[in-house]
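Novice: Attaching a single structure in structure tokens format; questions to follow.
The values are calculated or read from the model by the stated rules, or taken from the named source; none is laboratory data. Predicted model, so just to flag it, every value in this text is computed and none were measured. Positions of Cβ are generated from backbone atoms using ideal geometry, with glycine treated the same way; all protein chains shown enter the neighbour counts.
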Amino acid sequence: MNLQPLFDLKDRLEHAAVAGTGLLDEDFRLKRARESLTPLAAASPVFGKITAGVDALFSTPQEKRGGALLDVLALVDAVVYTQGSTGGEGELTPLASDGVGSLCVLSYGQLHPLLEALKGTGSGRFSLVANAWKEHPEYFSDYRVLPALIEGLGDGYADMADQNAEILKEQGDKMIPLLKEGFDPEGKGGMVRRVRLIQQLAGEKENDFYLAQLPQAKKEVRTELIRALRHDSHNTQLLLELCQTEKRGESRDCAHEILVKQETPEVEEYFRVLGKKNPVQAFTYLLGEKTAMASRLTAAIAQEQIKTVHTGKKLSDSQRNERFRALLLALIGKTGPGIADIYREAVELFGEPEEKKKKPGIDPLRDLIFYTASPSNSSQPPFAVSLPYVLAMTVMGRGDRELCDLAVELYEREGGAYLVPAFAAQLLIKDSAESYEWAKERLFKREFLKKTVQEEALSFIRYVLMRVKWNREENGYRFMVRASLRNEWEMEMGVPVPCLDVRWFELLAQLGKDMDDALAAVLSDRQEIPGLSRLVVPYVYQEAISTLSVYSAAEWIRILSALGWERWENFVVQYFLKQGQVSFPECMMLLNTLPVPPKEKAAQLRKMDHLVREKKIKLRHNYWEENMAAARIHEWENQASGEETSGS
């Protein structure tokens with residue numbers, strides 16, 4: 001039976017419901033649909049009833065046509081719904097998902113916003129996906145969502161793409177088949193993230209995939225595929241070839257950086273040859289590597305460079321500076337045979353810099369790391385200035401006994417900045433009392449009946465102590481060192497330091513502001529210090545309330561709190577009155593740091609707000625938020641009331 005006339009009639013009746021019954025008499029399409037229904041009316045009573053209903057609609061007075069229209073439309077709808085069916089022709093086959101993904105029972109309203117966020121553009125998508133992943137992680141294993149996640153690895157919004165990658169990573173190695181499906185080695189960011197995810201999830205297990213894609217790979221995808229070769233040690237020969245054949249700088253560098261971590265005779269010989277051809281490049285690849293092979297190579301290539309100076313080989317100042325700067329950076333962290341000799345020969349070669357004295361706070365090693373090129377007429381290359389600090393960094397980072405002994409040897413012979421590595425070594429090889437006495441002898445010089453502070457020694461010892469940090473988990477000190485890997489300033493954990501002699505704290509307090517940074521470093525995170533002088537905590541309090549830096553004041557507050565100081569009455573008010581000016585963010589920083597109950601914070605903020613309103617204190621940058629101050633006072637007072645109520 002052809003039901004098309006019924007569907008046409010339904011369409012025209014719905015149109016009439018929208019357009020209004022006033023136009024029914026002129027609707028020729030409705031009349032035509034009624035005539036087309038006549039054969040069906042003759043075949044079935046229900047269609048006859050529909051036909052009669054349409055005829056009655058036309059004969060009904062205008063004011064009653066609305067009800068008649070709804071009656072006949074309801075009847076037509078009911079009949080149409082009874083004619084619906086499900087199913088389809090053809091064989092039923094499972095989804096081709098390689099077993100990845102599942103079907104979650106989700107309504108359109110649940111799934112559609114997530115898919116729109118993953119596939120769409122514009123703002124708000126990142127947080128929507130993040131919230132969905134937090135609240136309903138099961139949605140992301142659905143076979144309809146997974147393809148959108150994979151496609152989203154190439155999202156133009158990098159944060160969104162990275163989030164998609166993290167979601168896929170957390171679902172484990174079962175994602176690998178989807179990541180490999182449709183992979184394009186000539187693609188862009190999305191393909192780079194696919195390779196990165198595959199190697200994170202599978203490592204060497206997918207080595208065949210990396211090798212298969214590499215010949216066709218381009219640009220960033222090629223670099224990432226080369227980086228993936230690091231997982232399988234059987235790729236050494238291929239990496240050796242890539243080091244020599246890769247034309248793109250990033251890919252070539254990547255091959256070298258992976259290769260230098262593989263300690264084989266072939267690799268070592270390759271870098272020895274490279275060191276003769278291009279020492280700067282070789283030193284750059286050795287930078288940050290702490291293997292025995294890396295130390296041997298650094299020593300051997302450095303010896304070749306020292307020979308060039310001894311033999312009088314002509315090098316421009318810029319060439320010499322570039323080579324020895326690269327050597328300095330490569331020396332950081334290197335220990336073992338030959339390294340100590342490089343330091344000795346370098347000292348002989350370059351001597352001591354003309355300007356020995358360094359102002360407190362100056363860090364020659366940092367200057368070296370961000371140094372680009374010396375002027376061609378420079379009489380003093382950075383090597384001689386920075387070498388003691390490179391040695392100190394290695395002593396603090398590795399604790400090698402041979403280099404500790406070398407540091408003391410060079411200090412006794414050269415003096416000056418070699419006090420830095422020598423003092424670091426003394427902290428490691430002597431007990432706390434001996435290292436304290438050793439340093440104190442160099443800090444003070446006896447003249448007639450009094451002792452005077454040696455300013456140069458003060459800055460060098462300060463440099464080391466600022467890098468001695470308390471580790472709560474270990475309940476002891478460690479060196480915390482900064483080193484550079486390819487112009488990135490990084491913090492690393494160094495070797496443990498025997499506990500400092502308790503006399504250090506009093507001595508640093510007596511030395512005053514020049515040693516405040518060192519005192520803050522060694523006190524930070526300490527709590528109970530047996531035998532601590534009664535002079536130290538009051539000194540710290542005075543520094544806290546008088547320092548010009550709000551950040552330093554906040555750090556002193558944390559130190560005092562850990563040491564058990566409790567006299568915080570009007571601290572914030574007194575601090576800013578001493579300063580003579582205040583701003584709202586600075587005031588809130590100190591109040592939030594202050595270890596006092598909410599009621600006391602509210603009282604101090606109220607006093608500060610009053611001083612500002614009465615113009616009894618200047619505003620820094622003319623910035624004070626009266627409404628926010630009032631709101632915070634109200635909040636703290638409510639907290640105090642709640643605590644009192646719960647306490648009672």
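Novice: Name the residues in region 397-409 that are of a type in the set (A, V, I, L, M) and at pLDDT below 95, would you?
Specialist: Of everything in region 397-409, nothing turns out to be of a type in the set (A, V, I, L, M) and at pLDDT below 95.
Novice: Only residues that are free of Cβ contacts under 8 Å to residues at least 40 places away in the same chain, part of a loop (DSSP other than H, G, I, E, B) and over 20 Å from LYS513 (Cα atoms): list them for region 431-461, please.
Specialist: Hits for region 431-461 are PHE448, LEU449.
Novice: Right, another one. Quick one: in region 130-170, which of the residues that are aromatic (Phe, Trp, Tyr) and not in a helix (DSSP H, G or I) is nearest to PHE183 (Cα to Cα)?
Specialist: TYR143
Novice: Further question on the same structure: Is region 203-219 home to any residue that is without any contact (Cβ under 8 Å) to a residue 60 or more places away in the chain, within 24 Å of the chain's Cα centre (by Cα) and closer than 30 Å to THR121 by Cα?
Specialist: No, that holds for no residue.
Novice: Within the group VAL54, VAL80, VAL46, VAL76, which residue is surrounded by fewer than 17 Cβ atoms within 10 Å (Cβ to Cβ) and within 11 Å of LEU9 (Cβ to Cβ)?
Specialist: Among VAL54, VAL80, VAL46, VAL76, only VAL80 is surrounded by fewer than 17 Cβ atoms within 10 Å (Cβ to Cβ) and within 11 Å of LEU9 (Cβ to Cβ).
Novice: Have a look at ALA255, ALA299 and point out the one that is assigned by TED's automatic domain parsing to the domain that holds ILE339, aliphatic (A, V, I, L, M), part of a helix (DSSP H, G or I) and surrounded by 21 or more Cβ atoms within 10 Å (Cβ to Cβ).
Specialist: The conditions single out ALA255.
Novice: crowded, with 18+ Cβ neighbours inside 10 Å and either of a type in the set (A, V, I, L, M, F, W, C) or assigned to a loop (DSSP other than H, G, I, E, B) (or both): does that describe LEU349? Can you show your working first?
Specialist: Working: crowded, with 18+ Cβ neighbours inside 10 Å: no; either of a type in the set (A, V, I, L, M, F, W, C) or assigned to a loop (DSSP other than H, G, I, E, B) (or both): yes.
So LEU349 fails the test.
Novice: For region 180-202, which residues satisfy the criterion of being more than 25 Å from the chain's Cα centre (by Cα) and either surrounded by 14 or more Cβ atoms within 10 Å (Cβ to Cβ) or within 19 Å of ASP162 (Cβ to Cβ) (or both)?
Specialist: Matches in region 180-202: LYS180, GLU181, PHE183, ASP184, PRO185, GLY187.
Novice: Identify all residues within region 329-344 that are modelled with pLDDT of 90 or more and either assigned to a helix (DSSP H, G or I) or under 13 Å from LEU406 (Cα atoms) (or both); write none if there are none.
Specialist: ALA330, LEU331, THR335, GLY336, GLY338, ILE339, ALA340, ASP341, ILE342, TYR343, ARG344
Novice: LYS261 versus (1) under 30 Å from GLN171 (Cβ atoms); (2) within 24 Å of the chain's Cα centre (by Cα); (3) not in a helix (DSSP H, G or I): which is the lone unmet condition?
Specialist: It is condition (2) that LYS261 fails.
Novice: So which of VAL464, VAL420, VAL408, VAL481 is hydrophobic (A, V, I, L, M, F, W, C) and either assigned by TED's automatic domain parsing to the domain that holds THR335 or not in a helix (DSSP H, G or I) (or both)?
Specialist: Details: VAL464 fails: either assigned by TED's automatic domain parsing to the domain that holds THR335 or not in a helix (DSSP H, G or I) (or both); VAL420 fails: either assigned by TED's automatic domain parsing to the domain that holds THR335 or not in a helix (DSSP H, G or I) (or both); VAL408 fails: either assigned by TED's automatic domain parsing to the domain that holds THR335 or not in a helix (DSSP H, G or I) (or both).
Testing whether each residue is hydrophobic (A, V, I, L, M, F, W, C) and either assigned by TED's automatic domain parsing to the domain that holds THR335 or not in a helix (DSSP H, G or I) (or both) leaves just VAL481.
Novice: Here's something else I'd like to know. Look through region 176-213, keep the residues that are within 18 Å of LEU149 (Cα to Cα) and outside any helix (DSSP H, G or I), and return whichever of them is modelled with the lowest pLDDT.
Specialist: LYS188
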